[in-house]
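*Asks:* Provided herewith is a single structure, encoded as structure tokens, for subsequent inquiry.
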Amino acid sequence: MADKRLKEVLLSNFIVRKVAVLGAGVMGTQIAAHLANAEIPVVLFDLPAKEGDPNGLVKAALATISRLEPSPIATVDRTDYIDIANYAQHLDQLRSCDLVIEAITEKAACKADLYRAVAPFISSQAVVASNTSGLSIALLAEGLPDALRERFCGMHFFNPPRYMPLVELTSCERTSPALLDQLESWLVSRLGKSVVRALDTPNFVANRVGLFSMLVAMHHAERFGLGFDVVDMLTGPLIGRPKSASFRTADVVGLDTLTNVIAAMRSAFDRDAPDPWSRYYTAPSWLSALISQGALGQKAGFGVYRKKGKQIQVFDLITQAYRDCRDSSDEIDPEVMSILKNRNAAEKFGQLRTCSHPQAKFLWAIFRDLFHYVAFHLADIADNARDIDLAMRWGYGWAQGPFETWQSAGWKNTADAIQADIDAGTAMSMTALPAWVSSRVGQGGVHCGEGSYSATPRDDQATVDFAGLPAAAFPDLVLGEEANSGVISGTTLWENEGVCLWTLPQVDSDIAIVSLTSKNHTLGHDVLLGMQEAVARAEAGYKGLVIWHEAPFAYGANLKEVAGLIGAGQFDRIESYIAEFQKTTMVLKYAGVPVVAAVQGMALGGGCEFLMHCAKRVVALESRIGLVEAAVGLIPAGGGCKEFAIRAWQNSARTGSKEPVDFILPAFTSIITSRVSGSGMQASRTGFRA
């Protein structure tokens, strides 16, 4: 208990009042922007410009923020939190910064030179972190004075920093363990990030696995003679990956950058230890040829893909020239498409293994070699299997991490198939699966109720240590961990087909929580009646009611159902539904206890009207809120228009203006145009969450 109290005191004394970001490149500027989104004052540094305004480089970088899509900044005025500085004139400003984040070029020598220059100006209590995506933290620490090494670590944000949840924290030998606890708590609670503790190995966790998955796709695309556009169709949403898939991701990263990372990994293997897959860490000849032609990817306007007029073209391996993309799903073999649509993962992978079509063989091969790789390198890459899976979900947008996918496909059968291919010489490496793989057959894989397997202590690590840090009540779980008894669970009070009323006795038994359980969180009749009952029960025995559930918050009415009623001429049922909806929003507004809407994700139409009638709203930054009914020819009828009118009158009275129309016109314009806020902050400006 004493140790726990000490940790709590340490955390409570960790305050980040001001941050310095060193480097106004793409990542540095966007990290500064996200800090500004969290209302944290930032000083953004770069070299003095060779001509004109010494701050010209930083000013130019900030000027690009408003033009980037998706926008790194939540609202335009967030840039007011960012001060401009250069290394020649303003290093004294570092003395007032509690956190210094270095985000310059990925060259250890350049970072060391910068550390020597800024070290004399850094506060004795400040934390220093590098945003390096893969350089050794131990190596970088050597460039710092000895006094700063206890307060130095890697803090790798993923691009774009506003939208990608993952931050990898990496320590060196001298890094204080309490420091990582403090930083993780701050990153989670203040910046809304998801943290993985990475080992100090090349490319850390997500990029180590992500780079290998791209190399595997490149290797097998050539092996099976598949076009790059077809590969991207196969390796995108169809297998739970982002639309950028494999080769489009390469263009986004930059083909030259990708080549440099491949070379750096190969050098690391040659220098430190042999790797069974090291021979594949070589840029393919076609990739080198594209780079030599200036085809560097998105930043150059063309790479694997290019745009010619209105037509998107892709580089073809056979002709060594660009051709029009085959962007239709018709390019995917019907049998393969049928396999991919199978919701039973074990059957799906079994069918991929036995199907003779090259597309199926390609898919099995990329999964097989990825599974083989992460199993072999688990102890080298991460503390446990869970960290690898979450890193790929948070950093690369995968629906499931590699171990989750393997486990869902059937641990033993998949392991046997992998080893059979290794023995047959068809896998990318002939190295046998590690012995621990077979030891997990009884548990069905690496994830179970006790936690996730760690290859270093060779045991299960608990999902979350609630006596430790950070204390997350609702951690993201991986497949197989749902039964973990360490996760806080609620007590159900009452439920119907649309909502569940519950409490968290471990947190606050005086507050009731109501969560939507309807499909896609649409607001049908059961939800309306359930919400009314939840308010009544909260009034009878609790101090407050919170509307909370996983995103989306709510999509509004089921429009298919409404269209069906219109088509059947059952307008009386529509009128009855609207009356019930209005009654529900009035119940929320005039409840005898405070009703708080905890919003994340989409809150559209009726969902928006729900939150507008609550006493308070707590809205996550990445929330999209709006009354969108006009887009389908309807008028918002749940009370949203009325609430806008009331707020216009209140704002008019508050400012002394006698023209409420000045306030109501922008609000009703957003209704007419079905405008959806780009962030929770924008929603506040529009009046959705006032």
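*Asks:* Could you check Thr522 against (1) outside the structural domain of Val374 (by TED's automatic domain parsing); (2) at pLDDT 90 or above; (3) surrounded by fewer than 21 Cβ atoms within 10 Å (Cβ to Cβ); (4) among the polar types (S, T, N, Q) and say which number it fails?
*Replies:* Thr522 satisfies all of (1) outside the structural domain of Val374 (by TED's automatic domain parsing); (2) at pLDDT 90 or above; (3) surrounded by fewer than 21 Cβ atoms within 10 Å (Cβ to Cβ); (4) among the polar types (S, T, N, Q) except (3).
*Asks:* Out of the residues in region 372-415 that are at pLDDT 95 or above and of a type in the set (Val, Ile, Thr), which is nearest to Asn342 (Cα to Cα)?
*Replies:* So, considering only residues that are at pLDDT 95 or above and of a type in the set (Val, Ile, Thr), the one nearest to Asn342 (Cα to Cα) is Thr405.
*Asks:* Further question: I'm checking my understanding of the structure. Among residues of region 593-628 that are assigned to a helix (DSSP H, G or I) and either in the same structural domain as Arg162 (by TED's automatic domain parsing) or touching a helix residue (DSSP H, G or I) at 6+ places or on another chain (Cβ under 8 Å) (or both), which one is nearest to Phe553 (Cα to Cα)? Please lay out each step first, then the result.
*Replies:* Of region 593-628, the ones assigned to a helix (DSSP H, G or I) are 606-612.
Cutting the leftovers down to either in the same structural domain as Arg162 (by TED's automatic domain parsing) or touching a helix residue (DSSP H, G or I) at 6+ places or on another chain (Cβ under 8 Å) (or both) gives us 606-610, 612.
Details: Gly606: 10, Gly607: 7, Cys608: 9, Glu609: 11, Phe610: 10, Met612: 13 Å.
Only one residue tops the list, namely Gly607.
*Asks:* Now for a different question. Please work out which one of (1) free of Cβ contacts under 8 Å to residues at least 60 places away in the same chain; (2) part of a loop (DSSP other than H, G, I, E, B) is the condition Arg248 fails and give its number.
*Replies:* Result: Arg248 fails condition (2) only.
*Asks:* Please verify whether region 284-293 includes one or more residues that are surrounded by fewer than 17 Cβ atoms within 10 Å (Cβ to Cβ) and under 30 Å from Asp421 (Cα atoms).
*Replies:* So the first thing to find is which residues in region 284-293 are surrounded by fewer than 17 Cβ atoms within 10 Å (Cβ to Cβ), and the list is 285-286, 288-289, 292-293.
From what is left, the residues that are under 30 Å from Asp421 (Cα atoms) are 285-286.
Looking for residues that are surrounded by fewer than 17 Cβ atoms within 10 Å (Cβ to Cβ) and under 30 Å from Asp421 (Cα atoms), one finds at least one in region 284-293, hence yes.
*Asks:* Could we say that Leu135 is without any contact (Cβ under 8 Å) to a residue 60 or more places away in the chain, of a type in the set (A, V, I, L, M, F, W, C) and more than 20 Å from Gln30 (Cβ to Cβ) here? Walk me through how you get there before you give the answer.
*Replies:* On the way: without any contact (Cβ under 8 Å) to a residue 60 or more places away in the chain: yes; of a type in the set (A, V, I, L, M, F, W, C): yes; more than 20 Å from Gln30 (Cβ to Cβ): no.
For Leu135, the condition - without any contact (Cβ under 8 Å) to a residue 60 or more places away in the chain, of a type in the set (A, V, I, L, M, F, W, C) and more than 20 Å from Gln30 (Cβ to Cβ) - is not met.
*Asks:* Return the only residue of Ala690, Ala653, Ala645, Ala683 being at pLDDT 80 or above and within 20 Å of Tyr590 (Cβ to Cβ).
*Replies:* On the way: Ala690 fails: at pLDDT 80 or above; Ala653 fails: within 20 Å of Tyr590 (Cβ to Cβ); Ala683 fails: within 20 Å of Tyr590 (Cβ to Cβ).
Exactly one of Ala690, Ala653, Ala645, Ala683 is at pLDDT 80 or above and within 20 Å of Tyr590 (Cβ to Cβ), namely Ala645.
*Asks:* Sticking with this structure for a sec: Go through Ser515, Ser489 for me and flag whichever is closer than 24 Å to Ser194 by Cα, modelled with pLDDT of 85 or more and hydroxyl-bearing (Ser, Thr, Tyr). Write out each step before concluding.
*Replies:* Details: Ser489 fails: modelled with pLDDT of 85 or more.
The unique qualifying residue is Ser515.
*Asks:* Now for a separate question. Considering only residues of region 329-344 that are assigned to a loop (DSSP other than H, G, I, E, B) and free of Cβ contacts under 8 Å to residues at least 60 places away in the same chain, which is surrounded by the fewest Cβ atoms within 10 Å (Cβ to Cβ)? Explain how you work it out, then say what you get.
*Replies:* Within region 329-344, the subset assigned to a loop (DSSP other than H, G, I, E, B) is 332-333, 341-344.
In the following step, the residues that additionally are free of Cβ contacts under 8 Å to residues at least 60 places away in the same chain were identified as 333, 341-344.
Working: Asp333: 16, Lys341: 9, Asn342: 14, Arg343: 6, Asn344: 12.
Restricting to residues being assigned to a loop (DSSP other than H, G, I, E, B) and free of Cβ contacts under 8 Å to residues at least 60 places away in the same chain, the top hit is Arg343.
*Asks:* Another question, then. Pick from region 552-568 the residues that are part of a loop (DSSP other than H, G, I, E, B) and either at pLDDT 90 or above or not assigned by TED's automatic domain parsing to the domain that holds Gly607 (or both): which of them is farthest from Val628 (Cα to Cα)?
*Replies:* Restricting attention to region 552-568, the residues satisfying the condition of being part of a loop (DSSP other than H, G, I, E, B) are 552-553, 555, 557-558, 568.
From what's left, either at pLDDT 90 or above or not assigned by TED's automatic domain parsing to the domain that holds Gly607 (or both): 552-553, 568.
On the way: Pro552: 15, Phe553: 15, Ala568: 24 Å.
Applying the filter and picking the extreme gives Ala568.
*Asks:* To continue, here is another question. Consider Arg654 carefully, then state whether it is charged (D, E, K, R) and either over 24 Å from Leu545 (Cβ atoms) or touching a strand residue (DSSP E or B) at 6+ places or on another chain (Cβ under 8 Å) (or both). It would help to see each step written out before you state the result.
*Replies:* Values: charged (D, E, K, R): yes; either over 24 Å from Leu545 (Cβ atoms) or touching a strand residue (DSSP E or B) at 6+ places or on another chain (Cβ under 8 Å) (or both): yes.
Spelling it out, Arg654 is indeed charged (D, E, K, R) and either over 24 Å from Leu545 (Cβ atoms) or touching a strand residue (DSSP E or B) at 6+ places or on another chain (Cβ under 8 Å) (or both).
*Asks:* State whether one or more residues within region 669-677 are closer than 30 Å to Val188 by Cβ and either part of a loop (DSSP other than H, G, I, E, B) or touching a Lys or Arg at 6+ places or on another chain (Cβ under 9 Å) (or both). Even if it seems obvious, please write down each step before you answer.
*Replies:* Keep residues of region 669-677 that are closer than 30 Å to Val188 by Cβ, which gives 676-677.
Checking which are either part of a loop (DSSP other than H, G, I, E, B) or touching a Lys or Arg at 6+ places or on another chain (Cβ under 9 Å) (or both) leaves us with 676-677.
The answer is yes; a qualifying residue exists.
*Asks:* Does Val42 meet the test of being in contact (Cβ under 8 Å) with a residue 12 or more places away in the chain, in the same structural domain as Ala103 (by TED's automatic domain parsing) and farther than 14 Å from Pro160 by Cα? Spell out the reasoning first.
*Replies:* Values: in contact (Cβ under 8 Å) with a residue 12 or more places away in the chain: yes; in the same structural domain as Ala103 (by TED's automatic domain parsing): yes; farther than 14 Å from Pro160 by Cα: yes.
Spelling it out, Val42 is indeed in contact (Cβ under 8 Å) with a residue 12 or more places away in the chain, in the same structural domain as Ala103 (by TED's automatic domain parsing) and farther than 14 Å from Pro160 by Cα.
*Asks:* Criterion first (under 19 Å from Ala399 (Cα atoms) and either touching a residue at least 40 places away in the same chain (Cβ under 8 Å) or crowded, with 16+ Cβ neighbours inside 10 Å (or both)) does Phe362 satisfy it?
*Replies:* Details: under 19 Å from Ala399 (Cα atoms): no; either touching a residue at least 40 places away in the same chain (Cβ under 8 Å) or crowded, with 16+ Cβ neighbours inside 10 Å (or both): yes.
Spelling it out, it is not the case that Phe362 is under 19 Å from Ala399 (Cα atoms) and either touching a residue at least 40 places away in the same chain (Cβ under 8 Å) or crowded, with 16+ Cβ neighbours inside 10 Å (or both).
*Asks:* Provide a single number: the residues in region 428-447 that are surrounded by fewer than 20 Cβ atoms within 10 Å (Cβ to Cβ) and either in a loop (DSSP other than H, G, I, E, B) or touching a residue at least 12 places away in the same chain (Cβ under 8 Å) (or both).
*Replies:* Step one: list which residues in region 428-447 are surrounded by fewer than 20 Cβ atoms within 10 Å (Cβ to Cβ), which gives 429-436, 438-439, 441-444.
When the remaining residues are screened for being either in a loop (DSSP other than H, G, I, E, B) or touching a residue at least 12 places away in the same chain (Cβ under 8 Å) (or both), the result is 429-436, 438, 441-444.
Total satisfying the criteria: 13.
*Asks:* Could you check how many residues of region 345-359 are farther than 13 Å from Ala417 by Cβ and free of Cβ contacts under 8 Å to residues at least 12 places away in the same chain?
*Replies:* Selection size over region 345-359: 2.
*Asks:* If we scan region 571-580, do we find a residue that is more than 32 Å from the chain's Cα centre (by Cα), of a type in the set (S, T, N, Q), part of a helix (DSSP H, G or I) and modelled with pLDDT of 90 or more? Spell out the reasoning first.
*Replies:* First pass over region 571-580, keeping only residues more than 32 Å from the chain's Cα centre (by Cα): 571-580.
If we keep only those that are of a type in the set (S, T, N, Q) as well, we get 576.
Subset that is part of a helix (DSSP H, G or I): 576.
Remaining after also requiring modelled with pLDDT of 90 or more: 576.
Within region 571-580, one or more residues are more than 32 Å from the chain's Cα centre (by Cα), of a type in the set (S, T, N, Q), part of a helix (DSSP H, G or I) and modelled with pLDDT of 90 or more.
*Asks:* Any residue in region 56-77 that's of a type in the set (Ser, Thr, Tyr): show its pairings with residues that are modelled with pLDDT under 95 and in a helix (DSSP H, G or I) at Cβ separation under 8 Å, as long as the two are six or more apart or on different chains.
*Replies:* So the pair list comes out as Ser66/Val76; Ser71/Ile65; Thr75/Met681; Thr75/Gln682; Thr75/Arg685.
The values are calculated or read from the model by the stated rules, or taken from the named source; none is laboratory data. Just so it is clear, the structure is predicted and the values come from calculations on it, not from any experiment. No Cβ is skipped: glycine too gets one built from the backbone with ideal geometry, and neighbour counts run over all protein chains shown.
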